[in-house]
Amino acid sequence: MSAMTVRATPPAADLEAGGEVRAGRDHLIRYGGEFSDLLIEHAAGSWLTTEDGRRILDFTSGQMCATLGHGHPAILEAMREASGRVVHLFSGFLSRDVTDLARELMAVLPEPLTRAMFLSTGGEANEAALRLAKLHTGGHEVLAFAGSWHGMTAGAASSTYSAGRRGYGPGLPGTMALPTPNPYRCPIAHCRDRCDLTCLTAGMALADAQSVGAPAAAIVEPILSAGGIVPLPDGYMAALKQRCEDRGMLLVVDEAQTALGRVGTMFAFEQHDVVPDFVALSKTLGGGLPLSATITTDAIEQDAFEKGFLHVTSHVSDPLPAAVGRAVLRTVIAEDLGSRAVAMGARLRAGLQELQRRHEVIGDVRGVGLMLGVDLVSDRETREPDTRYGSAVTERCIELGLNVNIVKFAGLGSVLRIAPPLTISAQDIDLGLEILDQALTDCR
Ligand SMILES: Cc1ncc(COP(=O)(O)O)c(C=O)c1O
C-alpha cells in the first residue's frame, strides 16, 4: 500500500447543510485574513451574484482589474478566439497576439518607451523592471514609498512598505523607503492639505545618507492605493525624476491600478509631464485575466540584452492573455472609457462630498477619475483614523449589497477605496452611494 492515504468524503448530512463548502474552505490557505462568507457564482458588468441568489454591486472591480466590468463581450470573444488558435507556447516562441499587443501599446505610449515584455502579475512586472534597472545601472539601491504596494515576489515585496514585512526575514539589501507625500496626513508633520515637496527633500537626504553608492531605481505608484488612495501632488513626480537623474537612478512608474483609462488619461504618468524609464502595467491590462507588461526604452533594452538579461517565466509571452490585453486596450479606446471615467468619477465624487457634509466621520474625499478614496476619521481636526468604523461600514455595505474595500495599514489612515468598473451606469453609481449612506448611518 502506498504511504498516501485517501480521505473519506464528509457524511451526506454534512454536505446538505453546506458542509461541502466548509470542508472545501478547510483545505484553503488563508492568504489575507479570513475569507468572505460569500460564494460568488456569477459576475456580469458591475454586479456579482452569490450562490444563494444575492446581488452585490462591485465598487472594487474585482481586485481592481475588471475595469471593463465583469464578463465584457470583447474579453469573452478574445478568449474564445485565442483558445481556438494557441493558448501557451515555449517562452522563445512568439505569436501574432503578442507582437500586435506590443505594437498597439507602443502606439499609445510616448517616445522613448518602445519595448515591452509580457508577464502574468503586477509583482512580476515590477520585478522585471527592477532587475532591468539593476542590470543597466550596475546598482542595486531601490527607493519606494512608505505606503507602497508593488507585489509579493521578493524584489517587489522588498519595495512594498504598506504591509507584509514582518515575519519573512530580510528584504533585499539596498531597499529604502521615501515618505508618502499625502497632503492630508503629511508624513513629516510639515504641510496640511498641500505638499511643498519638503518630504521629498527630506526623504532623498536620508536615502543619500544610507546609500553605498549603488543607485538603481525609484519605484512609485502615481496614486498610492494600499497607501490610502493618495494621488502624487502636483510637481512631485517631475521633481523625483529630476532627483533620480541627478543620482543615475531610473524611474519605474507602477500603473497596476491607474492605467487604461481609470484616471481619465490612458496612463496616469501623462498627467505629471514625466516620461518614466519604465512603466509597469498589470491588473487593468488583462481586465481580469493574468497579464502584465514591463515597458522600457530601446537603449535600456539593448544594454540589458548585451549584458545577458534573463527573466524567463512559464507564462512570459503567452498568446491567450495577450489577445485579451489587445481586446481590453481596443475597448478602452473604442468606448472612450477615459472620458467615461472622468464623467462617472465626477458624479461619484460629488455624491461622496455630499455624504461628507452629512457624515462627520468622512474627513477627506480624494482621488482622480474613478479611483476615489474616503478617509474615515474619529476627529476631523486631529484626523485620527477611525479603523473600527471603517471595517463595520464595509461589512454593513456587503449586507446591503455593495462591495467596497477598506485600506487601513498602520499609519496610513482608514480609507474606503472606491473604484467601480469604468462601464458602470449612472444609476448604479447613485445606488452605491445610497447603500454607502445607509451603511454609514447604520454603523454610527
Ligand atoms: C500598485 C500595485 N502594484 C503591484 C501590485 C501587485 O500586483 P499582483 O498582485 O498582480 O502581483 C498591486 C496589487 O495590488 C498593486 O496595487
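Only protein heavy atoms count here; on that basis, with a 1.4 Å probe, Leu412 has an accessible area of about 30 Å². For segment 175-281, run through the trypsin sites (Lys or Arg not before Pro) and keep only the ones in DSSP coil with at most 16 other Cβ atoms within 10 Å of their Cβ. In loop regions of segment 175-281 (DSSP not H, G, I, E or B), the sparsely surrounded trypsin sites (Lys or Arg not before Pro) are Arg192, Arg194. Only helices enter the 222 nm calculation for the chain: every DSSP H run of n ≥ 4 contributes -39,500 (n - 2.57), and dividing by all residues gives -11500 deg cm²/dmol, rounded to 500.
Within the shell of other residues whose beta carbon sits under 15 angstrom from the beta carbon of Thr198, the net charge comes to +1, with Lys and Arg scored +1 and Asp and Glu -1. Positive end of the dipole of the chain (Cβ unit charges, origin at the Cα centre): among Gly261, Ser292, Leu224, the Cα lying farthest that way belongs to Leu224.
With the Cα gyration tensor of segment 105-246 giving a ≥ b ≥ c as the square roots of its eigenvalues, does the rule (a/c under 1.5 for rounded; else a/b larger than b/c for prolate; else oblate) give rounded, prolate or oblate? Rounded shape, in that the Cα axes give a/c under 1.5. One way to sum up the overall shape of segment 34-154 is the equivalent ellipsoid from its Cα gyration tensor, whose semi-axes run 32, 23, 14 Å, largest first.
For segment 243-339, the square roots a ≥ b ≥ c of the C-alpha gyration tensor eigenvalues yield an a/c of 1.5 or more together with a/b not exceeding b/c, which makes the shape oblate. For segment 23-92, the square roots a ≥ b ≥ c of the C-alpha gyration tensor eigenvalues yield an a/c of 1.5 or more together with a/b not exceeding b/c, which makes the shape oblate. Shown for the chain are the DSSP H helices of 15 Å or more along their axis, judged by Cα atoms, with a mean Kyte-Doolittle hydropathy of at least 1.0: 319-334.
Considering all alpha-carbon pairs of the chain, what whole percent are spaced by more than 42 angstrom?
16
Each of Glu354 and Glu306 was given a label point 7 Å from its Cα along the Cα-to-Cβ line. The distance between the two points is 6.1 nm. Antiparallel as a % of all DSSP beta bridges within the chain, to the nearest 5? Roughly 65 percent of the beta bridges in the chain run antiparallel, per DSSP. Note on segment 42-177: antiparallel DSSP beta bridges, both residues inside, total approximately 70 percent of the bridges counted.
Projecting the Cα atoms of Leu352, Ala102, Phe90 onto the charge dipole of the chain, computed from C-beta unit charges around the Cα centre, puts Phe90 farthest toward the positive end. In the context of the full set of protein chains, residues of the chain present 45 Å² of accessible surface per residue (probe radius 1.4 Å, heavy atoms only). For chymotrypsin sites (Phe, Trp or Tyr not before Pro), the sites in segment 44-140 that DSSP calls loop and that have at most 16 other Cβ atoms within 10 Å are Phe90, Phe93. For Gly363, the amide hydrogen comes within under 5 Å of the amide hydrogens of Asp375, Leu376, Val377, counting only partners 5 or more places away or on other chains and with H modelled in the peptide plane. Quick one: work out the % antiparallel among DSSP beta bridges in segment 137-284, nearest 5. The antiparallel proportion sits near 10 percent. Taking every protein chain into account, the 1.4 Å probe leaves Lys307 with about 100 Å² of accessible area, to the nearest ten.
Summing Lys, Arg as +1 and Asp, Glu as -1, what charge do residues with Cβ under 15 Å from the Cβ of Gly171 carry, Gly171 excluded?
Once all neighbours under 15 Å are counted, the net charge is +1.
The values are calculated or read from the model by the stated rules, or taken from the named source; none is laboratory data. Predicted model only: the values in this text are computed from it and were never measured. As a convention, Cβ positions derive from the backbone with ideal geometry for all residues, glycine included, and neighbour counts pool all protein chains shown. We work out accessible area using only protein heavy atoms, side chains counted, and drop any ligands, DNA or RNA first. Shrake-Rupley method; radii C 1.70, N 1.55, O 1.52, S 1.80 Å.
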